[in-house]
Amino acid sequence: MSTGAILVLNAGSSSIKFAIYEAGTEPSELTRGFVENLGPAALLKFEGLNGDGEQHELGAADHSVALCEILDHASRMLQQRPLVGVGHRIAHGGIDFTGPTRLDDEILTRLRTLNPLAPLHQPHNLAAVDAARTVFPYAIQIGCFDTAFHRGHPWVNDTFALPRHYYKKGVRRYGFHGLSYQYVTGALSSSAPDVSNGRIVIAHLGNGASMCAIREGRSVASTMGFSALDGLPMGTRCGQLDPGVLLYLMNQEKMTPDQIENLLYHESGLKGLSGLTNDMRMLEASPLPEARQAIDYFVFRIRRELGAMCAVLGGLDALVFCGGIGENAASIRTGVCAGMDWIGLSIDETRNRSNEPLISNGKTPVLVINTDEERVIARSTAEFLCTA
Ligand code: ADP
């Protein structure tokens, strides 16, 4: 195994989340943080493992500048360890990329052809790969795909009822948040070994939100489909929408594709419904009826999808909550499980309010697991280093 450090990058259009690990069979986290406002006035923040966060104003910075700054400021923690691997979160692996992949020119060319399938994520993910290859030419670059965990779905759950040539062109139900589901599935085998091989539903509820039905450790259904818009309503994304609404927006409201994209990705979901914010904490604190209604819609859709997933799985052996809302919002978990004793769900409110790992007192365990997508990427990168 190479000794040194692993950098994990999760790059968006205007921000880069990062984590740095000491390489090893089980990578050990040294620090994590993010750069926000990439462009004119970037800001670098370290979360600090002991709550000792710090921040630095970077001024004008693109992906490359930000990467150098991250490493520069992290050098204290690196303590002369060379950076030997960079692991990247990549939104879309299409049909072919079903596991972590070493990134080289040929692979990157193929991944760029998937840009149209994830226009708001993939180009930024790949821009970070380009920057990391320039800044760290001796480190191996590994891509980990949000779609990969779901690639084994049965055909009926992989297709839309469109003429078949669209399926061949890649118009399929891919599913996302796969790195989070992979982490939680792995963590379940230690926190709930008796059910981890059974029928599990995981609700990843953050700014982005989705649910995944898992049987024997493998994804069999996801609420997200072709894009990261489908399924549950999210902070600013609409979730499931009758395609007739799109026709109406185009034909009657005369909206352009760009305007519709902006509406569905940035102005809808909790923000659009409440007219206030995408932030669940603010919605819960708000006295506005619209804020309450946005929460009610969010909970209603989760319950509906939970029912559908139980039908797909033929029952339920455990329900897991993760993501910023799933891990922290006790009232949302209560709302989701209320009246669900027909599938054995019953919440212990004392444990629930403390965000304990096990929050149920009924037949079916309800668990809270803090997800860690960066660790999944670090582990995959470490595995490549083992064989390098
Ligand atoms: P992302 O998808 O951007 O990674 P997160 O997983 O960090 O998002 O989740 C962000 C969401 O979690 C926000 O809506 C935030 O309000 C919510 N959240 C975080 N802490 C709490 C809390 N204590 N109570 C309710 N909601 C919370």
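Condition first: touching a residue at least 40 places away in the same chain (Cβ under 8 Å) and assigned to a helix (DSSP H, G or I). Now tell me which residues in region 309-330 satisfy that.
Those that are touching a residue at least 40 places away in the same chain (Cβ under 8 Å) and assigned to a helix (DSSP H, G or I): M309, C310, V312, L313, G323, G324, I325, G326, E327.
Consider G143 carefully, then state whether it is in a loop (DSSP other than H, G, I, E, B), in contact with a helix residue (DSSP H, G or I) (Cβ under 9 Å, 6 or more places away or on another chain), modelled with pLDDT of 95 or more and open to solvent by less than 50 Å² (accessible area, probe 1.4 Å).
So G143 fails the test.
Exactly one condition in (1) free of Cβ contacts under 8 Å to residues at least 40 places away in the same chain; (2) on the phi > 0 side of the Ramachandran plot is false for G94; which is it?
Tallying (1) free of Cβ contacts under 8 Å to residues at least 40 places away in the same chain; (2) on the phi > 0 side of the Ramachandran plot, G94 fails exactly one: (1).
Look through M211, M234 and report the one residue that is under 18 Å from L263 (Cα atoms) and surrounded by 22 or more Cβ atoms within 10 Å (Cβ to Cβ).
When all the criteria are applied, what remains is M234.
Here's the yes/no breakdown for (1) among the basic types (K, R); (2) touching a residue at least 60 places away in the same chain (Cβ under 8 Å); (3) farther than 30 Å from M280 by Cα:
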position: L111; (1), (2), (3): no, no, yes
position: L117; (1), (2), (3): no, yes, no
position: G143; (1), (2), (3): no, no, yes
position: G152; (1), (2), (3): no, yes, yes
position: Y181; (1), (2), (3): no, no, no
position: V220; (1), (2), (3): no, yes, no
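Check off (1) surrounded by 17 or more Cβ atoms within 10 Å (Cβ to Cβ); (2) out of contact with any Leu (no Cβ under 7 Å at 6 or more places or on another chain); (3) under 22 Å from Y138 (Cβ atoms) for G93 and give me the number that stays unchecked.
The failed condition is (3).
So, L246, is that one of a type in the set (A, V, I, L, M, F, W, C) and open to solvent by less than 70 Å² (accessible area, probe 1.4 Å) or not?
yes
Identify, please: which residue in region 314-338 is closer than 25 Å to P233 by Cβ and among the charged types (D, E, K, R) and is, among those, most open to solvent (accessible area, probe 1.4 Å)?
E327
Which residue out of Q182, Q240 is touching a Pro at 6+ places or on another chain (Cβ under 9 Å), open to solvent by 20 Å² or more (accessible area, probe 1.4 Å) and closer than 24 Å to L114 by Cα?
Q240
Just give me the residues in region 287-343 being away from the ligand (no atom under 12 Å from the Cβ) and among the acidic types (D, E), in sequence order.
Hits for region 287-343 are E290, D296, E305, D317, D341.
Can you tell me which residues in region 108-140 are outside any loop (DSSP other than H, G, I, E, B) and either open to solvent by less than 20 Å² (accessible area, probe 1.4 Å) or of a type in the set (F, W, Y) (or both)?
Those that are outside any loop (DSSP other than H, G, I, E, B) and either open to solvent by less than 20 Å² (accessible area, probe 1.4 Å) or of a type in the set (F, W, Y) (or both): L108, L111, Q122, N125, L126, A128, V129, A131, A132, I140.
Scanning region 267-282 for residues that are among the aliphatic types (A, V, I, L, M) and either modelled with pLDDT under 95 or under 18 Å from R301 (Cβ atoms) (or both), which turns out farthest from the ligand (Cβ to nearest atom)?
L273
Tell me which residues, restricted to region 339-376, are among the hydrophobic types (A, V, I, L, M, F, W, C) and open to solvent by 60 Å² or more (accessible area, probe 1.4 Å).
W342, L358
Would you check if there is a residue in region 361-375 being over 17 Å from S210 (Cβ atoms), among the basic types (K, R), at pLDDT 95 or above and within 16 Å of the ligand (Cβ to nearest atom)?
Looking for residues that are over 17 Å from S210 (Cβ atoms), among the basic types (K, R), at pLDDT 95 or above and within 16 Å of the ligand (Cβ to nearest atom), one finds at least one in region 361-375, hence yes.
Take the residues of region 156-213 that are touching a Lys or Arg at 6+ places or on another chain (Cβ under 8 Å) and within 14 Å of the ligand (Cβ to nearest atom): which is nearest to G12 (Cα to Cα)?
G208
Could you grab me the full set of residues in region 345-367 that are part of a loop (DSSP other than H, G, I, E, B), of a type outside the set (D, E) and touching an Asp or Glu at 6+ places or on another chain (Cβ under 9 Å)?
If the condition is that a residue be part of a loop (DSSP other than H, G, I, E, B), of a type outside the set (D, E) and touching an Asp or Glu at 6+ places or on another chain (Cβ under 9 Å), then N355, I359, N361, G362, K363, T364, P365 are the ones that fit.
The values are calculated or read from the model by the stated rules, or taken from the named source; none is laboratory data. Worth saying up front: this structure is predicted, and the values here are computed from it rather than measured. For neighbour counting, all protein chains shown are included, and Cβ atoms are generated from backbone atoms with ideal geometry for every residue, glycine included. The area values use the complete protein model at the heavy-atom level, side chains included, leaving out ligands, DNA and RNA. Shrake-Rupley method; radii C 1.70, N 1.55, O 1.52, S 1.80 Å.
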